[in-house]
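Presented below is the structure to which this report refers.
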Amino acid sequence: MQRWIIHIDMDAFFASVEQRDHPELMGCPVIVGGVSPRGVVATASYEARQFGVRSAMPITEAKRRCPQGVFLASDHHKYTRVSKDIHGILHQYSPLIEPLSLDEAFLDVSGMERLYPDPVMIACRIKDHILREVDLIASAGVAPNKFLAKLASDMSKPNGLLLIKPGEEQSFLAPLPVRRLWGVGEATASMLENRGIKTIGQVAAAKPALLERLIGSGAYELQHLARGQDDRPVAPDQEPKSVGNEETFEADLTGRDVIRRQLLALSEKVGWRLRRMGRMGRTVSVKIRFASFKTITRSRTLPEPTCLDEVIFATVTALCEKVTWGEGVRLLGVTLSGLTAGQAQESLFEPGPDKRLAIATAVDKLKEKYGETIVGRGNPRHT
Ligand code: TTP
Ligand code: MG
């Protein structure tokens, strides 16, 4: 199976959040950081970068370079909240996510090419979703491994999306300067450059013995990276507390059948993600936002945890029975919380969950291989 990694990184993160929250600062050079005379720049908006302002620069130097800049103190609580929202969105696109910092993460989307037309489409949707829900711009890199995906998002900025295709790794990397290699800092870069090794292509072609003499035991790995080879897995570091999908619709939904269909699709997405993660959840929640922005949530805790689409959807349906669907629906969400590991638990209430899980997992495999439409479900009314 072709490996596909997406790296998402927000543009000028702290500064963009401030511009979003103070629209009068849009288009202005905004510098966020420690505002005391001894403070340093956390980040600068792209407008301020044109004046040579950079992260980690002393604020005094930033003021010298950009006297007309708007200097703001960092508000970490706010950025952490926004970061959580962004990571929540990312989790809707892959169960395999490695957050690297407040504003960046890797997603492993291998094997999903048939659920979405291609990995670039997933990256597009993520960018759109973040813009729609959080009103901030992310850049994305799509590539066969982590190193290339991160490089691609970095090179695409601002507001970019760059794909490096399998087979293009070496030709893409060859002309880039050695300091673009992961793990090569200023000192190593100058040392290599002094020996005439200025591009990544030259690192890839260097004699291993020479590289080892220059940089020691890391030479082997560095040469692998320089050839575009990087097998490091995307390593999720947190256990999620819930798994949810929600969608804001282009046009408000009206009519029970239309709404039911969307709720079924959301239930199936959540079930699929749980199965891929090897988890089940006990509490099913539905979120409904109406055209007027009035938002309601309804939850029910099941006697047994589940990861089966039909159980999730039946609970969602029951939860929605008493809802008055007067006005149009702007957003729907389905979430499972109370997560537990494992999926093969016997149930006292539902005979044969193992069999149903086996069927669901087989269907997942078919969908992943041949596309979502291959396995249809009957009328949602009868499920
Ligand atoms: P980055 O993603 O490195 O930078 P950025 O998002 O501001 O800009 P871009 O990605 O478009 O190049 O870092 C994310 C946030 O982390 C940044 O907004 C502020 C904070 N940060 C610091 O506080 N100090 C630093 O030295 C750096 C590099 C970032
Ligand atoms: Mg960033």
Over all Cα pairs of region 49-112, the Kirkwood radius sets Rh, and Rg/Rh then becomes 1.17
With a ≥ b ≥ c from the Cα gyration tensor eigenvalues, square-rooted, and the rule rounded for a/c under 1.5, otherwise prolate when a/b > b/c and oblate otherwise, region 85-160 is rounded
Of MET277, MET112, MET26, the most mobile residue in a GNM of the chain (C-alpha springs, cutoff 10 Å) is MET26
Scoring region 1-144 by relative contact order with C-alpha pairs under 8 Å, at least six apart, yields a percentage of 33 percent
For region 153-303, the percent of all C-alpha pairs falling in each 10 Å bin, from 0 up to the bin holding the max distance, is 8, 25, 18, 16, 16, 13, 4, 0
A correct Kirkwood calculation over the Cα atoms of region 1-142 returns a hydrodynamic radius in Å of 16.0 Å
Ranking LYS365, LYS287 from most to least accessible area with a 1.4 Å probe gives LYS365, LYS287
Lys and Arg at +1, Asp and Glu at -1: neighbours of VAL17 with Cβ under 12 Å from its Cβ sum to -4
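For the chain, what is the calculated [θ] at 222 nm in deg cm²/dmol (nearest 500), taking -39500 (n - 2.57) for each run of four or more DSSP H residues and dividing by its residue count?
Values: 14 runs with 150 residues, N = 383.
The helix contribution divided over the chain gives -12000 deg cm²/dmol.
Among rounded, prolate and oblate, which fits the chain when a ≥ b ≥ c are the square roots of the eigenvalues of its C-alpha gyration tensor, a/c under 1.5 means rounded, and a/b larger than b/c means prolate?
Verdict is oblate for the chain.
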Connecting every pair of Cα atoms under 10 Å apart in the chain and solving the GNM, the largest mean-square fluctuation among ALA138, ALA205, ALA360 falls on ALA205
One finds, for ALA318 and THR254 with R0 = 25 angstrom and r their Cβ-Cβ distance, a FRET efficiency to the nearest 0.05 of 0.70
Excluding residues fewer than 8 positions from LYS198 in its own chain, the lysines with Cα under 16 Å of it are LYS207
Sorted list, accessible surface of protein heavy atoms, 1.4 Å probe, largest first, for GLU212, GLU246 is GLU212, GLU246
Kirkwood calc, region 213-268, C-alpha pairs only, radius in angstrom 16.6 Å
Which of LYS78/LYS150; LYS157/LYS365; LYS78/LYS157; LYS165/LYS367; LYS78/LYS322 exceed 27 Å between C-alpha atoms? The answer is LYS157/LYS365; LYS78/LYS322
Any aspartates and glutamates whose Cα falls less than 15 Å from that of LYS241, other than same-chain ones fewer than 8 residues away, would be ASP85
Out of PRO117, PRO58, PRO23, a Gaussian network model of the chain with alpha-carbon springs under 10 Å gives the largest mean-square fluctuation to PRO23
Each label sits 7 Å from Cα toward the beta-carbon; between ARG213 and MET121 the label points are separated, in nm, by 5.3 nm
Region 71-117 and region 137-196 have their Cα centres apart by a whole-number Å value of 20 Å
With all protein chains present and a 1.4 Å probe, the order of ASP108, ASP231, ASP128 from largest accessible area down is ASP231, ASP128, ASP108
In this structure, among LYS287/LYS355; LYS84/LYS146; LYS84/LYS294; LYS84/LYS269; LYS84/LYS127, pairs with alpha-carbon gaps over 26 Å are LYS287/LYS355
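The values are calculated or read from the model by the stated rules, or taken from the named source; none is laboratory data. Just so we're clear, the structure is a prediction, and the values are computed from it rather than from any experiment. Positions of Cβ are generated from backbone atoms using ideal geometry, with glycine treated the same way; all protein chains shown enter the neighbour counts. We work out accessible area using only protein heavy atoms, side chains counted, and drop any ligands, DNA or RNA first. Shrake-Rupley method; radii C 1.70, N 1.55, O 1.52, S 1.80 Å.
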